[in-house]
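I have placed the structure first, in the form of structure tokens, so that the comments after it can refer back to it.
The values are calculated or read from the model by the stated rules, or taken from the named source; none is laboratory data. It should be emphasised that the depicted structure is a prediction, and the values quoted were computed from it without experimental measurement. No Cβ is skipped: glycine too gets one built from the backbone with ideal geometry, and neighbour counts run over all protein chains shown. What goes into the accessible areas is simple: the full protein's heavy atoms, side chains included, and nothing from ligands, DNA or RNA. Shrake-Rupley method; radii C 1.70, N 1.55, O 1.52, S 1.80 Å.
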Amino acid sequence: MKVATMPRKRTRMPTRAKTAKAHAKAADKTEEKEANVPRKTSKRKAPPPSGPKGYFESKKVSAKVKNQAEPTLQLQLINDQRVRTILSQLPMRHTTERANLLHSYESKYAEWNTQLWCGYNLLMYGVGSKKGLLEGFAASTPEDDGPVVIVNGYFARLSLKEVVFKVVAALGVGSEEELGCLTIASLLRRAKKAGKDPDAGRCYLLINNIDGPSLRNSEAQSVLAELAESGAVRMMATIDHVNAPLLWDKKLLARFNWLWNMTPTFEPYEKETENLPPLIAGVTKERQFRGSASVLNSLTQTCRDVFRILAELTQEAGEGITFSKLYNKCREDFCVSTEMMLRGHLTEFTDHELMHTKKVASAGGGLMS
């Protein structure tokens, strides 16, 4: 039986030339498509010019950014008195618990008094105002043990000489007229002499906020340490700032001879915060407060004393003070010895915009405020 076979078709393989033409046509089509589609071109910022021109160009950019940010900062803020009024209207919580806690410390008054008689000084720390705690302890001290001197360290206009004067006057080592003419060093010598005399009087010195703004310097702490180690003063102090222990080095700690007592009261700091800056201030005022604080911190202690005297006299006068009045007061406090030194300090205050002057004919020159 014969089987018929179908003839095979021969397939020709494409040549290299045809393959190259096909690839070329495909590439042309792709280029045509890309030509019709718009390309996204990246805009590169030109580098800023160098030299003086680049400096002024950068200033222009920063000024534009500042002007754009100012509208967001111009908020309608309420004044500080309104804020304090709103806070005072809030309901007081845990009144009974705080009163019981303060009442529980009364059982420790006798123990604290014994520690003071043994030569130690007491340092109270913890959350809350301890003004009521010191007043309660002062009321519990026997009259035969001596008078009690209470000092509020949070008071911005507190004078160190006035503190030493009151303590030495309470010891009964001289009349007030006699002691008022003495310097701080002479008053301290009187206190040390009274401490060595067993028949001399003794007194209690209770300092609320020994870390207050007016006592937060090395001179004040050194003077208080001399009173504490004199032997005639029984000192009891409180601290509220978290960095208050940084006020004392090893030598000062040894002179104070503290016994640390944790006495939290959780009472609000009403009196302690009366002299603080406003709670809410505008952007410009806030910058002025921060700038003034940084400038005062960078000045010397003598320069800060002159500024303090200037502020106190200006507050008393209401309008301003004359140069002669400021010079006499600074010379009494041994801050300056010549008018040239005082004028140098005043020039520095004026340059930093801490003080303003104006010419007044009736004042014989001008007023400073």
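Observations
- When Leu160, Leu179, Leu171 are checked against the criterion of being of a type in the set (A, V, I, L, M, F, W, C) and in contact with a Phe, Trp or Tyr (Cβ under 7 Å, 6 or more places away or on another chain), Leu179 stands alone in meeting it.
- Among the conditions (1) more than 16 Å from Cys203 (Cα to Cα); (2) under 34 Å from the mean Cα position of the chain (by Cα); (3) surrounded by fewer than 17 Cβ atoms within 10 Å (Cβ to Cβ), Glu178 misses just one, which is (2).
- When Leu276, Leu246 are screened for being at pLDDT 75 or above, open to solvent by 70 Å² or more (accessible area, probe 1.4 Å) and under 19 Å from Asn208 (Cα atoms), only Leu246 passes.
- A residue that is among the aliphatic types (A, V, I, L, M), over 18 Å from Phe256 (Cα atoms) and touching an Asp or Glu at 6+ places or on another chain (Cβ under 8 Å) occurs nowhere in segment 141-164.
- Pairing residues of segment 147-165 that are in a strand (DSSP E or B) with residues that are surrounded by 15 or more Cβ atoms within 10 Å (Cβ to Cβ) and among the charged types (D, E, K, R), at Cβ distances under 6 Å and at least 6 apart in sequence or on separate chains, gives Val149/Lys166.
- Only listed residue being small (Gly, Ala, Ser) and within 28 Å of Val306 (Cα to Cα), chosen from Ala156, Ala170, Ala200, Ala254: Ala156
- Every listed requirement among (1) in a loop (DSSP other than H, G, I, E, B); (2) more than 20 Å from Pro142 (Cβ to Cβ); (3) among the small types (Gly, Ala, Ser) is met by Gly201 save one, (2).
- Within segment 141-157, restricting attention to residues that are under 33 Å from the mean Cα position of the chain (by Cα) and buried (at least 18 other Cβ atoms within 10 Å of the Cβ), the residue that is nearest to Ala220 (Cα to Cα) is Gly153.
- Any hit, segment 249-265, residues being part of a loop (DSSP other than H, G, I, E, B), of a type in the set (Ser, Thr, Tyr) and on the phi < 0 side of the Ramachandran plot: yes
- Exclusive hit being in contact with a Phe, Trp or Tyr (Cβ under 8 Å, 6 or more places away or on another chain), within 18 Å of Tyr269 (Cβ to Cβ) and surrounded by 15 or more Cβ atoms within 10 Å (Cβ to Cβ), set Leu133, Leu102: Leu133
- Qualifying residue in segment 350-365 (condition: crowded, with 16+ Cβ neighbours inside 10 Å, over 23 Å from Arg216 (Cα atoms) and at pLDDT 70 or above): yes
- Test: residue in segment 317-332 that is of a type in the set (Asp, Glu), over 30 Å from Leu87 (Cβ atoms), at pLDDT below 80 and open to solvent by 50 Å² or more (accessible area, probe 1.4 Å): yes
- Any hit, segment 185-195, residues being of a type in the set (Lys, Arg), closer than 30 Å to Pro213 by Cα, surrounded by 12 or more Cβ atoms within 10 Å (Cβ to Cβ) and within 33 Å of the chain's Cα centre (by Cα): no
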